[in-house]
Amino acid sequence: MLNMKNISRIYRSDTIQTHALRDFNLDVKEGEFVAVTGPSGSGKSTFLNVAGLLDSFDEGSYELDGVNIQGLNDDELSRLRNEKIGFIFQNYNLIPDFNLFDNIDMPLRYRGFTAGERKRRIVNALEQVGLASRAKYLPSQLSGGQQQRVAIARALAGEPKILLADEPTGNLDSLMARQVMELLHTLNDTGSTIIMVTHDPDQARSVGRNVQVIDGQITDHSVYAPTHDNATIPVNV
Amino acid sequence: MEMFNYYLKLSVRNLIRNRLFFILMISTLAIGVGVFLANIAIIKTMSSDPIPHKSDRIFNVSLNVWTGDNPDAKLIEVMRYDDAMHILKNDIATHTMVHYQSQVYARDINSKSLTRHQAVVRATTPGFFPLTEAPFAYGGVWQQDHAKQIVIGDTLNQQVFGGGNNVGKALEIDGKAFEVVGILKPWELKPLYYHAAYGQKFKTTDDIYAPIETALDNEWAINVRSTSTDRINSVSDNRGKNGYFIQAFVQLENPQQKNAMQAYIDNYSQHRQEQGEVLRANENRLLDVNQWLDHKEVVDERMIAFALATSLFLAVCIFNASSLLLARYHSARFETGLRRAVGARMKDVFYQGLVESILIGCVCAVFSLFFGWLFLQISTRLFPALERTSDIDFSLIAIGIFVALVTSFISMLYPLIRSCRTPLSTTLK
Ligand SMILES: Nc1ncnc2c1ncn2[C@@H]1O[C@H](COP(=O)(O)OP(=O)(O)OP(=O)(O)O)[C@@H](O)[C@H]1O
Ligand SMILES: [Mg+2]
């Protein structure tokens with residue numbers, strides 16, 4: 001599904017070069033739920049941005065759902081973002097003066113769906129996140145957890161191949177965080193591939209596969225048994 | 001089309017949400033465009049062709065017959081009665097008119113009221129009407145050179161008779177009766193090419209058109225230039241003297257006709273020179289209407305300088321609006337980044353901006369036309385000389401809309417390009 005080989009990403013400013021990613025290798029299979037952990041500044045967000053085609057990379061190769069990313073132009077990259085990727089941000093990134101319906105509608109507009117098809121998908125996505133009755137609400141009328149669920153609905157509506165989440169529960173209290181995690185697990189159970197950056201070890205443990213980023217490199221390839229209710233035993237690959 | 005509607009919806013929402021900002025920005029542009037339009041309106045009217053379908057066949061006749069003693073003086077564009085009669089009677093041109101301007105006070109001879117109306121008189125010949133295409137509402141032109149018959153314009157007809165067909169009635173001028181034989185429709189000629197001299201090129205058309213002989217017979221006042229040795233005792237006395245007060249225009253259909261006329265006037269002034277009258281070298285001219293208007297500097301050079309200034313002012317307004325927009329796009333980069341992240345192409349962001357600029361352009365066009373109109377009102381108040389030089393017509397409105405659209409697009413372009421290039425990873429967290 002997602003295959004990165006020897007990816008490096010260097011941020012250059014006038015005086016300093018930051019190797020945000022170096023020799024980064026990762027292979028994610030369809031249906032996997034991967035938790036990415038690591039210290040602050042280690043390159044987790046950079047990895048996710050590269051994976052989500054929001055950022056470019058300097059070296060290496062990246063294949064997403066069988067498509068080689070190298071050399072694609074803006075039209076092709078935008079299309080891939082639109083069709084294959086669902087992004088979930090820490091800050092939800094909803095447009096404050098659009099209601100939920102219009103927020104979720106946004107990615108679908110660039111897909112060229114008919115009004116009927118868009119509506120079907122929006123209603124569907126809102127149902128999946130349990131907010132079907134609030135389509136006309138503004139984001140500000142919802143709690144943080146609900147807003148994040150709207151953001152997830154927006155990511156889901158396009159039926160993407162992969163969901164990328166950067167600290168999706170980072171701004172939420174533990175109860176709301178649990179609701180969002182449950183939603184992600186449900187989605188994973190129904191077949192979604194998910195990569196999630198998190199700082200919460202419990203959350204990481206609840207997830208099928210854990211990956212640690214340190215200093216721009218994957219240093220730990222431990223796989224946990226895919227149950228999320230009980231503590232799991234790490235297995236070295 | 002669906003995307004266009006979507007973008008339009010987004011733009012309307014944007015405009016409403018940031019209305020204060022957009023009012024400021026659109027006003028900035030609209031003032032620039034408005035001033036520019038007002039200026040164009042004036043120049044356009046000043047430089048317009050008063051009689052487009054035949055302006056290249058109508059010629060002013062300037063004769064080299066000044067008998068004054070300064071051979072280097074600029075050619076004067078008026079001639080003596082005798083010269084005018086030669087031009088009039090040579091039968092070369094299709095139509096010929098000679099004319100001078102006078103002024104009288106007139107009233108309806110049958111009216112109980114003794115109120116007299118000031119009336120500008122064009123003392124001329126029947127050729128005047130085909131040469132200016134003055135449109136008759138009733139009646140026609142006089143039949144005899146000395147007839148006490150006149151044609152009147154619509155304004156005077158309204159003032160004196162209250163309008164309508166008054167052919168056959170008479171006006172009283174200086175105690176004498178003059179029969180109205182023709183009445184013109186409301187009529188404008190901009191510029192008033194036959195009277196482009198004396199800074200009166202944007203005056204209204206005349207009130208009374210009378211046979212030139214009749215005007216002289218009745219001593220209707222003239223503005224005459226004469227050489228110093230002559231003593232002229234009355235208006236009609238000019239017939240035999242060196243009084244210069246008549247202008248001539250002719251209609252010449254083709255180069256042969258024009259050459260014939262040129263040869264005629266060259267001969268004529270040669271002949272006068274041989275009689276010892278004319279002191280300087282030949283300089284006889286046939287200028288067609290547009291050459292003639294250029295020669296009379298109908299479009300003031302100051303106006304052109306002003307046009308340059310208004311163009312620069314418009315440019316400043318565009319820069320201003322552009323920097324305002326730059327700031328706004330900067331603050332809107334979260335939404336732009338988000339749209340890009342969920343799959344909008346750079347193109348899509350650009351199209352959205354384009355639709356927004358069209359919307360802004362339309363609003364701006366309305367404001368611009370209003371400001372343009374306002375500036376015209378103000379300038380004609382402040383500078384009465386500009387009165388009647390500025391028409392807002394359909395083509396000007398079209399120009400206004402076009403310029404507003406273009407300027408709003410230009411001011412939007414750079415901010416929009418910057419906005420398309422918003423880096424995605426740094427704007428979204
Ligand atoms: N746009 C940028 N320009 C320059 N340097 C950057 C940029 N973005 C990230 N970096 C640097 O790259 C490194 C990795 O940053 P990144 O945001 O990926 O870390 P992170 O693992 O997500 O950290 P956190 O857990 O705090 O979110 C950091 O040293 C950061 O300073
Ligand atoms: Mg991060």
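Figures for the structure shown
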{"item": "Some residue of the range A:147-170 being within 16 Å of ligand 2 (Cβ to nearest atom) and surrounded by fewer than 21 Cβ atoms within 10 Å (Cβ to Cβ)", "result": "yes"}
{"item": "Which numbered condition residue B:211 fails, given (1) buried (at least 22 other Cβ atoms within 10 Å of the Cβ); (2) at pLDDT below 90", "result": "(2)"}
{"item": "Selection count where residues are within 10 Å of chain B (Cβ to nearest Cβ) and more than 18 Å from the chain's Cα centre (by Cα), scope the range A:98-117", "result": "10"}
{"item": "Selection within the range B:1-48 - in contact (Cβ under 8 Å) with a residue 12 or more places away in the chain, of a type in the set (S, T, N, Q) and either assigned to a helix (DSSP H, G or I) or closer than 25 Å to residue B:398 by Cβ (or both)", "result": "B:11, B:14, B:27, B:28, B:39, B:45, B:47, B:48"}
{"item": "Failed criterion for residue A:70 (all others in (1) surrounded by fewer than 24 Cβ atoms within 10 Å (Cβ to Cβ); (2) away from chain B (no Cβ under 14 Å); (3) within 16 Å of ligand 2 (Cβ to nearest atom) hold)", "result": "(3)"}
{"item": "Residue in the range A:49-58 that is surrounded by fewer than 22 Cβ atoms within 10 Å (Cβ to Cβ) and closer than 26 Å to residue A:169 by Cβ present", "result": "yes"}
{"item": "Test result for residue A:159, in a loop (DSSP other than H, G, I, E, B) and either more than 12 Å from the chain's Cα centre (by Cα) or modelled with pLDDT of 90 or more (or both)", "result": "yes"}
{"item": "Enumeration of residues in the range B:380-414 that are at pLDDT 85 or above and not aliphatic (A, V, I, L, M)", "result": "B:400, B:402, B:407, B:408, B:409, B:411, B:414"}
{"item": "Residue list for the range B:349-358, filter: surrounded by fewer than 20 Cβ atoms within 10 Å (Cβ to Cβ) and either within 18 Å of residue B:330 (Cα to Cα) or not β-branched (Val, Ile, Thr) (or both)", "result": "B:350, B:351, B:354"}
{"item": "Qualifying residue in the range B:54-63 (condition: away from chain A (no Cβ under 14 Å), over 30 Å from residue B:119 (Cβ atoms) and not in a loop (DSSP other than H, G, I, E, B))", "result": "no"}
{"item": "Residue among A:118, A:111 that alone is assigned to a helix (DSSP H, G or I) and touching a residue at least 12 places away in the same chain (Cβ under 8 Å)", "result": "A:118"}
{"item": "Within the range A:24-49, tally of residues that are among the small types (Gly, Ala, Ser) and more than 9 Å from ligand 1 (Cβ to nearest atom)", "result": "2"}
{"item": "Exclusive hit being of a type in the set (A, V, I, L, M), surrounded by fewer than 23 Cβ atoms within 10 Å (Cβ to Cβ) and either within 14 Å of another protein chain (Cβ to nearest Cβ) or closer than 30 Å to residue B:410 by Cβ (or both), set B:37, B:20, B:29", "result": "B:20"}
{"item": "Matching residues in the range B:190-201 - criterion: being within 22 Å of residue B:246 (Cβ to Cβ) and either crowded, with 18+ Cβ neighbours inside 10 Å or not assigned by TED's automatic domain parsing to the domain that holds residue B:146 (or both)", "result": "B:191, B:192, B:193, B:194, B:195, B:196, B:201"}
{"item": "Hits in the range A:77-97 - residues which are within 9 Å of chain B (Cβ to nearest Cβ), closer than 25 Å to residue A:135 by Cβ and not in a loop (DSSP other than H, G, I, E, B)", "result": "A:81, A:82, A:83, A:85, A:86, A:87"}
{"item": "Which listed residue, of A:142, A:164, A:138, is of a type outside the set (Lys, Arg), away from chain B (no Cβ under 14 Å) and within 15 Å of residue A:93 (Cβ to Cβ)", "result": "A:142"}
{"item": "Subset of the range A:129-148 (residues that are more than 14 Å from residue A:101 (Cβ to Cβ) and either touching a helix residue (DSSP H, G or I) at 6+ places or on another chain (Cβ under 6 Å) or in a helix (DSSP H, G or I) (or both))", "result": "A:140, A:144, A:145, A:146, A:147, A:148"}
{"item": "Test: residue B:402 is part of a helix (DSSP H, G or I), out of contact with any Lys or Arg (no Cβ under 6 Å at 6 or more places or on another chain), away from chain A (no Cβ under 14 Å) and free of Cβ contacts under 8 Å to residues at least 60 places away in the same chain", "result": "yes"}
{"item": "Yes/no for residue A:61 being more than 9 Å from chain B (Cβ to nearest Cβ), of a type in the set (Ser, Thr, Tyr) and away from ligand 1 (no atom under 16 Å from the Cβ)", "result": "yes"}
{"item": "The range B:405-429 residues that are within 13 Å of chain A (Cβ to nearest Cβ), paired with ones that are among the aliphatic types (A, V, I, L, M) and outside any helix (DSSP H, G or I) (beta carbon under 7 Å, 6 or more apart)", "result": "B:424/A:54; B:425/A:54"}
{"item": "Flag for residue A:168 being in contact with a strand residue (DSSP E or B) (Cβ under 9 Å, 6 or more places away or on another chain) and within 16 Å of ligand 1 (Cβ to nearest atom)", "result": "yes"}
{"item": "For residue B:161: the one exception among (1) modelled with pLDDT of 90 or more; (2) hydrophobic (A, V, I, L, M, F, W, C); (3) farther than 14 Å from residue B:194 by Cα; (4) touching a helix residue (DSSP H, G or I) at 6+ places or on another chain (Cβ under 9 Å)", "result": "(4)"}
{"item": "Filtered residue count, the range A:179-209, keeping only those that are touching a Gly at 6+ places or on another chain (Cβ under 9 Å), more than 16 Å from ligand 2 (Cβ to nearest atom) and farther than 16 Å from residue A:30 by Cβ", "result": "3"}
{"item": "Of all residues making up the range A:20-62, the number that are assigned to a strand (DSSP E or B) and more than 16 Å from ligand 2 (Cβ to nearest atom)", "result": "11"}
{"item": "Residue B:119 being under 24 Å from the mean Cα position of the chain (by Cα) and in a loop (DSSP other than H, G, I, E, B)", "result": "no"}
{"item": "Filter result for residue A:216 (modelled with pLDDT of 85 or more, over 19 Å from residue A:94 (Cα atoms) and not β-branched (Val, Ile, Thr))", "result": "yes"}
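The values are calculated or read from the model by the stated rules, or taken from the named source; none is laboratory data. If you're wondering where the values come from, they're calculated on a predicted model, not measured in any experiment. Cβ: placed from backbone, ideal geometry, glycine included. Neighbour counts: every protein chain shown.
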